[in-house]
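The values are calculated or read from the model by the stated rules, or taken from the named source; none is laboratory data. The structure displayed is predicted, hence computed values, not measured ones. Positions of Cβ are backbone-derived with ideal geometry, glycine not excepted, and every protein chain shown enters the neighbour counts. Please note that ligands, DNA and RNA were not included when accessible areas were found on the heavy atoms of the full protein model with its side chains. Shrake-Rupley method; radii C 1.70, N 1.55, O 1.52, S 1.80 Å.
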Amino acid sequence: MDDKFTKPYDPKSTEDRIYTVWEQSGFFNPDNLPARHKEPFTMIMPPPNANGDLHVGHALFITVEDIMTRYKRMQGFKALWIPGADHAGFETQTVYEKKLEKEGRSRFKMDRDELYKEIYDFTIKNKATMENQVRKMGASCDWSREKFTLDNDVVLRVGETFKKMYDDGLIYRGNGMVNWCTKHQTSLSDVETETKEINDKLYYIKYGPVTVATVRPETIFGDVAVAVHPEDPRYKSLVGTTITVQNPNGELSLKVVGDEIVEREFGTGALKITPAHDKNDFELATRHHLPSVEVIDQFGKLNEKAGKYAGMKIAEARKLVVEDLQTMGLIEKIEDYLHPVPTCYKCNTSIEPRILPQWYVKMKPLADKALDAYNAGKLTFYSENYGKIFSYWMSNPIDWNISRQIVWGIKIPAKICTKCGHGFPDLENTAVKCQKCDGEIVADTDTFDTWFSSGQWPLIALGFPDGKDFLERYPTDVMETGYDLIFKWIPRMVIFGLYLAGDVPFKNIYMHGLVNDAKGKKMSKSKGNVINPLDMTEKYGTDALRMALVVSNPPGSDTALAENKIKGYKNFANKVWNVARFIFSNTEGVTADDSKISTDADKALMAEFAELTKDITSDFDEFRFHLASEKIYHYVWHRFADVILEESKNIFSGEDLKAKTSRQHTILSIFTQSIKILHPFMPFVTEEIWAYIPKEKETLLMIESWPKSD
RNA sequence: GGGCGGUUAGCUCAGUUGGUAGAGCGCAACAUUGACGUUGUUGAUGCCAGAGGUUCGAGUCCUCUACCGCCCACCA
């Protein structure tokens, strides 16, 4: 036997070497695959953020996607898995801001271009690190087609889409209530906010003839009305009148309006209306044609409209306003009040609703198409309950604010009129006057929400509208991503796919869950229970980590990952290794030939294995990798090794030559096929063993054909 | 308030179309230079959350209840 066939199996001396062989073979690129590979199979990798190390969630998605790709490749498809890297707009800028903070610097004191350049360099450096970590996981993706979300063609395509949507009346500029983060100085989409339960006070303020309840007394200088329920007998007579109310800065005249939105049971049933600083109030004010008065600025400080409170931060102003109101005898009572408050998902700062001119995407017509496609069965979700969530979300679309006041991203190619506020796309940067009023124009300094560009990712990655890959491979076969993106990303890709290409971007959607710790608790740095995938591959090998991530982990649900589980699969890799050693030492000079299998017992073993292969193949086809992996694991260890090989020992030491020969061919055949089935899960150890299996000519296991089951 | 899921062995979880309960880890006893001690053999532990229903048959389908988790949300 080969001297290199040492014991035990050593992933460290194997994995990098094998990955290099694969990469150099060119077979990650489907264009180089042998002629038997005909039909396309296509998957786009959700581009990992190029702003830090891979975490165990990345390890999971790379594993699952690589399993699909390797399986399809072996089945004879022209399998293509396109990798990418995401500049991750706000995400990366947040990471970089933290870095600046540590260095005692601030982005607000930096020149825009200088900041962009710094973040660019930071990202490109991290991108290379990220790519190598993806390789470490064994990903068989086509690096020659890799795309970065800030590549020139991406920027151009995104700009063109913006213009097309504007021309089609699907994008408008408007004053809307935005979720403003006073720390990050940008607006956020609804999905970028997190609702937190906050302990506040509910203040009952005597307001002329009524009493209103509010948690934000500091905004009373921006009040424009009092709202009550139109059918509320207590206030019915006041509706339509104007009342005079007192505040520490003097008197205000406020209209009383009736609106169904007011809950009669809550507080006093009367509500002060501050359109500039509350989403509800803004909408109500729009319905009743009320003006809005801004009293809080972008930094979360009160402005000159607040009189003597001008310049104060919200918390400070609230305290003083309440004290002053108390002095004036206007506070009726104060209650403790636990209520949900939207916060910035990055820094937990309470969102300050503001009215700002922003670009919006009109979602209804787009979402309707997405819903139709889903109802027509063009999208299959794994697990299927995500289809319900998708459908619910698409049935209740809200217009999408795509403007972000951050530097790190794709600039919105538009001009804004300083006179009339009109905004319009200007891709060539040639406009000099406002289209509407001939006024002065300035370039929009905002950038697109990341999801505006990443929503077009499947199209862009394939070279829409006329690229060869796009023409041959759209729609793609599978999109595999985390279930947290069911709102953020999946709907946008579907919408853009339907809008731009007239078809869904993918037929199947496989959603993976979170990887939690051994106790099923969420991993977090503060809890100290984070498992670093790179440590695990170092300690137990990539194959072991991959198995641990996929066994017992069905699509759509969270999984618990214990280090012991990974260790268990390292043992399994070693077991497979030793099975190989046993078989090779008992079949020297033999090349597998099924026609030499002659005993009934062996034929039965072959039939049993064929049955298993059939079963596992259908698991693969139905995305049940959690079952397929467990079945082959169980078979190889507890059926093949524990039972079949044990009884083979007796046959090999016996006198029956015919039985001996038959058994040699049987175990060689079954083992060879088992290695193939294991390959998508444990690509390294199986490829390494493959090299030792006697065969007519040297090939790579990664392009071998999948075992037949019929 | 709305939506989605979960409740199966000590722990973490599988269980695809309804057909006499499974895995990993853990536990107990035994074996030992055998391909493998990163091993093998044997074993213990489950009224599959509770109640009702459909069925020849339910962990699996239906209804209700209880508890747990996640997501969404404009009662100030």
> Pick from region A:563-597 the residues that are of a type in the set (S, T, N, Q) and either closer than 21 Å to A:D543 by Cα or part of a helix (DSSP H, G or I) (or both): which of them is modelled with the lowest pLDDT?
Replying inline: A:N564
>> What's the total number of residues in region A:284-320 that are assigned to a helix (DSSP H, G or I), free of Cβ contacts under 8 Å to residues at least 40 places away in the same chain and within 19 Å of A:V341 (Cβ to Cβ)?
In response: 3
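For region A:653-673, what are the residues that are touching a residue at least 40 places away in the same chain (Cβ under 8 Å) and within 15 Å of A:S598 (Cα to Cα)? If you could, list the steps in order and put the result at the bottom.
Within region A:653-673, the first condition is being touching a residue at least 40 places away in the same chain (Cβ under 8 Å), and the residues that meet it are A:658-659, A:661-673.
Hits for region A:653-673 are A:K658, A:A659, A:T661, A:S662, A:R663, A:Q664, A:H665, A:T666, A:I667, A:L668, A:S669, A:I670.
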> Restricted to region A:507-522, and to residues that are within 12 Å of RNA strand B (Cβ to nearest atom) and touching a helix residue (DSSP H, G or I) at 6+ places or on another chain (Cβ under 8 Å), which residue is farthest from A:A373 (Cα to Cα)?
Replying inline: A:A518
> Restricting to helices (runs of 4 or more DSSP H) lying wholly in region A:1-107: which have 2 or more residues that are under 23 Å from A:T149 (Cβ atoms) and touching a residue at least 24 places away in the same chain (Cβ under 8 Å)?
Replying inline: A:56-74, A:89-102
> Is at least one residue of region A:650-664 within 9 Å of RNA strand B (Cβ to nearest atom), open to solvent by 20 Å² or more (accessible area, probe 1.4 Å) and more than 42 Å from the chain's Cα centre (by Cα)?
Replying inline: yes
>> When you scan region A:341-363, do you find a residue that is on the phi < 0 side of the Ramachandran plot, in contact with a Cys (Cβ under 7 Å, 6 or more places away or on another chain) and in a strand (DSSP E or B), even just one?
In response: yes
> What are the residues in region A:379-394 that are closer than 16 Å to A:T481 by Cβ and open to solvent by less than 40 Å² (accessible area, probe 1.4 Å), if any?
Replying inline: A:L379, A:F381, A:S383, A:Y386, A:G387, A:F390
>> If A:R264 meets every condition in (1) farther than 30 Å from A:R404 by Cα; (2) open to solvent by less than 60 Å² (accessible area, probe 1.4 Å); (3) in contact with an Asp or Glu (Cβ under 8 Å, 6 or more places away or on another chain) apart from one, which number is that one?
In response: (2)
>> Based on this model, can you work out whether A:G439 counts as away from RNA strand B (no atom under 16 Å from the Cβ) and either under 25 Å from A:Q185 (Cβ atoms) or surrounded by fewer than 19 Cβ atoms within 10 Å (Cβ to Cβ) (or both)?
In response: yes
> Just checking, which of A:A610, A:A604 is surrounded by fewer than 18 Cβ atoms within 10 Å (Cβ to Cβ), of a type in the set (A, V, I, L, M) and free of Cβ contacts under 8 Å to residues at least 24 places away in the same chain?
Replying inline: A:A604
>> Would you confirm whether or not region A:48-60 contains a residue that is within 16 Å of RNA strand B (Cβ to nearest atom), of a type outside the set (F, W, Y) and within 22 Å of A:D621 (Cα to Cα)?
In response: yes
>> Can you report the number of residues in region A:240-261 which are within 15 Å of RNA strand B (Cβ to nearest atom), open to solvent by less than 60 Å² (accessible area, probe 1.4 Å) and out of contact with any helix residue (DSSP H, G or I) (no Cβ under 7 Å at 6 or more places or on another chain)?
In response: 4
> Among the residues of region A:615-643, which ones are touching a residue at least 24 places away in the same chain (Cβ under 8 Å), within 23 Å of A:S585 (Cβ to Cβ) and either within 9 Å of RNA strand B (Cβ to nearest atom) or in contact with a Lys or Arg (Cβ under 9 Å, 6 or more places away or on another chain) (or both)?
Replying inline: A:V636, A:W637, A:F640, A:A641
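I'd like to know if region A:478-485 contains one or more residues that are open to solvent by less than 20 Å² (accessible area, probe 1.4 Å) and part of a loop (DSSP other than H, G, I, E, B).
The answer is no, given that none of the residues of region A:478-485 is open to solvent by less than 20 Å² (accessible area, probe 1.4 Å) and part of a loop (DSSP other than H, G, I, E, B).
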> Within the group A:H37, A:H58, which residue is within 29 Å of A:V551 (Cβ to Cβ), within 17 Å of the chain's Cα centre (by Cα) and at pLDDT 90 or above?
Replying inline: A:H58
>> I'd like the full set of residues that are within 15 Å of RNA strand B (Cβ to nearest atom), more than 30 Å from A:I198 (Cβ to Cβ) and of a type in the set (F, W, Y), limited to region A:338-377.
In response: A:Y374
>> So, in region A:291-336, exactly how many residues are within 16 Å of RNA strand B (Cβ to nearest atom) and open to solvent by 60 Å² or more (accessible area, probe 1.4 Å)?
In response: 7
> Can you tell which of A:P465, A:P554 is within 27 Å of A:K78 (Cα to Cα), within 14 Å of RNA strand B (Cβ to nearest atom) and either open to solvent by 30 Å² or more (accessible area, probe 1.4 Å) or of a type in the set (G, A, S) (or both)?
Replying inline: A:P554
> With (1) without any contact (Cβ under 8 Å) to a residue 40 or more places away in the chain; (2) touching a Leu at 6+ places or on another chain (Cβ under 6 Å) as the list, and A:E323 as the residue in question, which single condition is left unmet?
Replying inline: (2)
> What's the number of the condition A:I124 fails, among (1) more than 22 Å from the chain's Cα centre (by Cα); (2) surrounded by fewer than 17 Cβ atoms within 10 Å (Cβ to Cβ); (3) in a helix (DSSP H, G or I)?
Replying inline: (1)
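Quick check, is A:N586 of a type outside the set (K, R), surrounded by fewer than 19 Cβ atoms within 10 Å (Cβ to Cβ) and free of Cβ contacts under 8 Å to residues at least 40 places away in the same chain?
Working: of a type outside the set (K, R): yes; surrounded by fewer than 19 Cβ atoms within 10 Å (Cβ to Cβ): yes; free of Cβ contacts under 8 Å to residues at least 40 places away in the same chain: no.
In short, no.
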>> Out of A:L534, A:L561, I need the residue that is touching a Lys or Arg at 6+ places or on another chain (Cβ under 9 Å), under 24 Å from A:G52 (Cβ atoms), more than 7 Å from RNA strand B (Cβ to nearest atom) and open to solvent by less than 60 Å² (accessible area, probe 1.4 Å). Which one?
In response: A:L534
